[in-house]
Amino acid sequence: MTASVAVVGAGPAGSTLAALLAGAGIDTVIFHAARGPKHCGGGIPPRAFDRMPLLRRLAAPRADACRISFFAPGAGAAPSIELPRPISVFDRAAFDRALRGEAEAAGARLVAEGVRRIERRGSSWAIEAGGKAWRAGFLAGADGATGIVRRLLSTPFSAEALSLCAGYYLAPPEPGRISIGFVGGAASYAWLFPGPSAASAGIVAPLAGSRGERLRRRLRAWLEASHPGVRFDWSRPYAALVPTPGLRAGRVGGGGWALAGDAAGLADPATREGIYYSMRSAALLARCIVRSRPAAYPALLRLLLLGWHGQTLLARRLFFTETGVERFVCALRSRPAARRAAGRFIAGPPGCGRFALDFLISSLRAGE
């Protein structure tokens, strides 16, 4: 069996890529291993809906959060920020299923088998999945940070380029409100996202020196302190690796192949948000393939990353430090203008650099 493009992985990056390619008339096959989706908060910011028409028509249940609260150990809690536009929280399994459905509806062929073997043969790729052989002219790896395509064609991520996310699925204690806690150091934070069927509570920290159960203990302590009187059920734990290599992701494309999403190391360097980044990288790769310029993808992706990471790292250096998070929460508590600036940033579309300047100006008198 043959296809013009073989997409390995049917998460947000792979399904988005397959849907866009098939919708443009390109013969596309997508391989989907029968395993659960990546565990995460499931939140998607408003700017993603502005840039991704596919999201706007996606038939997947979601819960919209219109308020967000921040907590810091030395500053306590700030009043909830009212968001001008809501953050949408999806059940990740339903979200991934809906995206796969969009890919199939566009004409992509879905193979519900994991890829066992990939070989380069002349100008095409030989792929073995489910005991069957496939040939494709172009190979797209969207099967995660440790997937087969990255292992074969690029370099593995170092421990320094990975973060560990650990958490629980819980009954939502307060629908419509997201909680963020800066706990355990500047590079670590916790969250509670109220989803349509369950809330995702999690904590993320650099992989080096992190252990899942240690992170969960920290998460439980924060949740119990920030939501007094709520009885939590800790019976549904989860964990996941998040790639955060920034501009040092290694090769993301070459002759007849490319990586997208987690496989390309795409995530926000401060928040580790990944769904939006995965879909944007897939849209960029699809555009390059449709225009018969796949070789341009690595350079164009790097330009996109320079913009994302330059702005985000500026905000990270200003706010994601031991004293920075306390000043951030204190400013939110004492200055309505600072809360409005934070709400505008979260709702988008201004980048983190614009937010940093806006927030600093609005909070200059936060201590008075």
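Being at pLDDT below 90 and either β-branched (Val, Ile, Thr) or surrounded by 24 or more Cβ atoms within 10 Å (Cβ to Cβ) (or both), is that true of even one residue in region 21-39?
no
Which condition number in (1) surrounded by fewer than 17 Cβ atoms within 10 Å (Cβ to Cβ); (2) over 17 Å from ALA267 (Cβ atoms) is the one that ALA159 fails?
(2)
Kindly indicate whether TYR297 is more than 20 Å from SER69 (Cα to Cα), part of a helix (DSSP H, G or I), in contact with a Cys (Cβ under 8 Å, 6 or more places away or on another chain) and modelled with pLDDT of 80 or more.
yes
Could you tell me which residue of region 139-164 is farthest from GLU224 (Cα to Cα), considering only residues that are among the hydrophobic types (A, V, I, L, M, F, W, C) and at pLDDT 95 or above?
LEU139
Quick one: ASP96 ticks every box in (1) assigned to a loop (DSSP other than H, G, I, E, B); (2) of a type in the set (Asp, Glu); (3) surrounded by fewer than 23 Cβ atoms within 10 Å (Cβ to Cβ); (4) within 19 Å of the chain's Cα centre (by Cα) except a single one, so which number is it?
(1)
Residue by residue through region 117-135, note down the ones that are closer than 21 Å to THR146 by Cα and at pLDDT 95 or above.
Of everything in region 117-135, those that are closer than 21 Å to THR146 by Cα and at pLDDT 95 or above turn out to be ARG117, ILE118, GLU119, ARG120, TRP125, ALA126, ILE127, GLU128, ALA129.
Does GLY144 count as surrounded by fewer than 19 Cβ atoms within 10 Å (Cβ to Cβ) and either assigned by TED's automatic domain parsing to the domain that holds GLU224 or not charged (D, E, K, R) (or both)?
No, not satisfied.
Among the numbered criteria (1) under 19 Å from the mean Cα position of the chain (by Cα); (2) not assigned by TED's automatic domain parsing to the domain that holds ASP268, which single criterion is violated by GLU82?
The failed condition is (1).
Considering only region 254-285, state which residues are touching a strand residue (DSSP E or B) at 6+ places or on another chain (Cβ under 7 Å) and assigned to a strand (DSSP E or B).
Correct list: TRP257, ALA258, LEU259.
Just name the residue that is farthest from GLU224 (Cα to Cα) out of those in region 46-76 that are assigned to a strand (DSSP E or B) and at pLDDT 90 or above.
The qualifying residue farthest from GLU224 (Cα to Cα) is ARG62.
Condition check ((1) within 29 Å of ILE30 (Cβ to Cβ); (2) surrounded by 24 or more Cβ atoms within 10 Å (Cβ to Cβ); (3) modelled with pLDDT of 80 or more; (4) among the aromatic types (Phe, Trp, Tyr)) across all residues:
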position	(1), (2), (3), (4)
LEU259	yes, yes, yes, no
ARG287	yes, no, yes, no
ARG291	yes, no, yes, no
THR323	no, no, no, no
ARG365	no, no, no, no
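From the list GLY14, GLY74, GLY42, GLY9, pick out the single residue that is surrounded by 18 or more Cβ atoms within 10 Å (Cβ to Cβ) and either among the acidic types (Asp, Glu) or not assigned by TED's automatic domain parsing to the domain that holds SER123 (or both).
It is GLY42.
Out of everything in region 209-244 that is surrounded by 19 or more Cβ atoms within 10 Å (Cβ to Cβ) and modelled with pLDDT under 90, what residue ends up being farthest from ALA295 (Cα to Cα)?
Among those that are surrounded by 19 or more Cβ atoms within 10 Å (Cβ to Cβ) and modelled with pLDDT under 90, it is SER226.
Taking interchain pairs and intrachain pairs at least six residues apart, which have beta carbon atoms under 8 angstrom, with the first residue in region 215-238 and in contact (Cβ under 8 Å) with a residue 60 or more places away in the chain and in the same structural domain as PRO194 (by TED's automatic domain parsing) and the second surrounded by fewer than 14 Cβ atoms within 10 Å (Cβ to Cβ) and part of a helix (DSSP H, G or I)?
PHE232/GLU224
Residue pairs, Cβ under 9 Å, 6 or more apart or interchain, first in region 80-100 and closer than 23 Å to SER179 by Cβ, second assigned to a helix (DSSP H, G or I) and among the aromatic types (Phe, Trp, Tyr). List them.
Between residues of region 80-100 that are closer than 23 Å to SER179 by Cβ and residues that are assigned to a helix (DSSP H, G or I) and among the aromatic types (Phe, Trp, Tyr), the close pairs are ARG85/PHE49; SER88/PHE49.
Tell me the residue from ALA315, ALA249, ALA331, ALA342 that is at pLDDT 80 or above, buried (at least 20 other Cβ atoms within 10 Å of the Cβ) and under 21 Å from the mean Cα position of the chain (by Cα), please.
ALA249
The values are calculated or read from the model by the stated rules, or taken from the named source; none is laboratory data. What you are looking at is a predicted structure, and each value in this text was computed from that prediction instead of being measured. Reconstructed Cβ throughout: ideal geometry from the backbone, glycine too, with neighbour counts over all protein chains shown.
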